[in-house]
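The values are calculated or read from the model by the stated rules, or taken from the named source; none is laboratory data. Note that the coordinates shown come from a computational prediction; the quantities given were computed from them, not determined experimentally. Note that each Cβ is placed from the backbone with ideal geometry, even for glycine, and that neighbours are counted across all protein chains shown.
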Amino acid sequence: MTTRAAIVEAAADLLARSPSGDISTRAVCEAAGVQQPALYRLFGDKEGLLAATVDHVWDEYLGMKRSAERSPDPLEDLRSGWDSHTIFALAHPNAYLLLFGSGAVARAESAAEAMRLLREVLDRLAAQGRLRLDPEAAARVVMAANTGVALAMILRPELYADAALSTTLRDVVHGALVSDATPATDAGEPDRVAATTLRSALPATVGDLFTDREAGLLDEWLERLQSRPRPS
């Protein structure tokens, strides 16, 4: 094991067992059997160490998502992705709080990787004509809701002790975003879903069916249709 790996492993172990969710560089160095100059040479500062540690912890979760076999139905993948996110968050609360509940690890790459994997599932739904919202915006909605419920369950367990809370919110959010997750109640919904589907496929048509200018104009029209207000 390299010195860097030994330090990260020690930090991850201390972080998991920390009652406060904080660790000291001195304790990490003692656990790893190295001097503090070695830590600062490899990670720059404590934030760099925490970022590397969070990425290390979350790589287990992200590795499962990367290697997971795709379901024929991307909605099932969206649901299982939400559930695995919540389960992992509750199993690693300190690392989760560092990544999503503070600004302490701005250099961590885990959040961007999680968002990229989520976006891939939503792109598949959009390509099938089932997404009510632009995939990028939908990804932000799903991630905000998923992290929100996970943080609530970690920080206020006395208020959010029911494990079904995450599943309930999941179904509400997915029902609002995926056209066949719940029955449609809006007469204009088919137009918005169609516009979302066409916009997701538009980049592949540039240079083939449309020029950049034509594609840009079509995208503007589709965006207007997609964002058309719902009837009150």
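List of remarks:
- Residue pairs meeting the criteria (Cβ under 7 Å; at least 6 apart or on separate chains; first more than 14 Å from residue 94 (Cα to Cα), in region 149-172; second of a type in the set (D, E, K, R) and part of a helix (DSSP H, G or I)): 170/79
- Meets criteria (closer than 18 Å to residue 100 by Cβ and under 19 Å from the mean Cα position of the chain (by Cα)) for residue 59: yes
- Residues of region 17-35 that are on the phi < 0 side of the Ramachandran plot and surrounded by 13 or more Cβ atoms within 10 Å (Cβ to Cβ): 18, 22, 23, 25, 27, 28, 29, 30, 31, 32, 34.
- Residue check for residue 138: part of a helix (DSSP H, G or I) and either buried (at least 21 other Cβ atoms within 10 Å of the Cβ) or among the β-branched types (Val, Ile, Thr) (or both): yes
Okay, residues lined up against (1) among the β-branched types (Val, Ile, Thr); (2) in contact with a strand residue (DSSP E or B) (Cβ under 7 Å, 6 or more places away or on another chain); (3) more than 20 Å from residue 98 (Cβ to Cβ):
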| position | (1), (2), (3) |
| --- | --- |
| 113 | no, no, no |
| 119 | no, no, yes |
| 128 | no, no, yes |
| 131 | no, yes, yes |
| 135 | no, no, yes |
| 141 | yes, no, yes |
| 148 | no, no, no |
| 156 | no, no, no |
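- Pick from region 142-182, criterion surrounded by 15 or more Cβ atoms within 10 Å (Cβ to Cβ), under 19 Å from residue 84 (Cβ atoms) and among the small types (Gly, Ala, Ser), ranking: modelled with the lowest pLDDT: 181
- Selection count, region 73-116, where residues are in a helix (DSSP H, G or I), under 15 Å from the mean Cα position of the chain (by Cα) and crowded, with 17+ Cβ neighbours inside 10 Å: 19
- In the set (1) in a helix (DSSP H, G or I); (2) without any contact (Cβ under 8 Å) to a residue 60 or more places away in the chain; (3) not assigned by TED's automatic domain parsing to the domain that holds residue 177, the condition left unmet by residue 15 is number (2).
- Of all residues in region 78-127, those that are in contact with a Gly (Cβ under 9 Å, 6 or more places away or on another chain) and either more than 25 Å from residue 49 (Cα to Cα) or outside the structural domain of residue 169 (by TED's automatic domain parsing) (or both) total 2.
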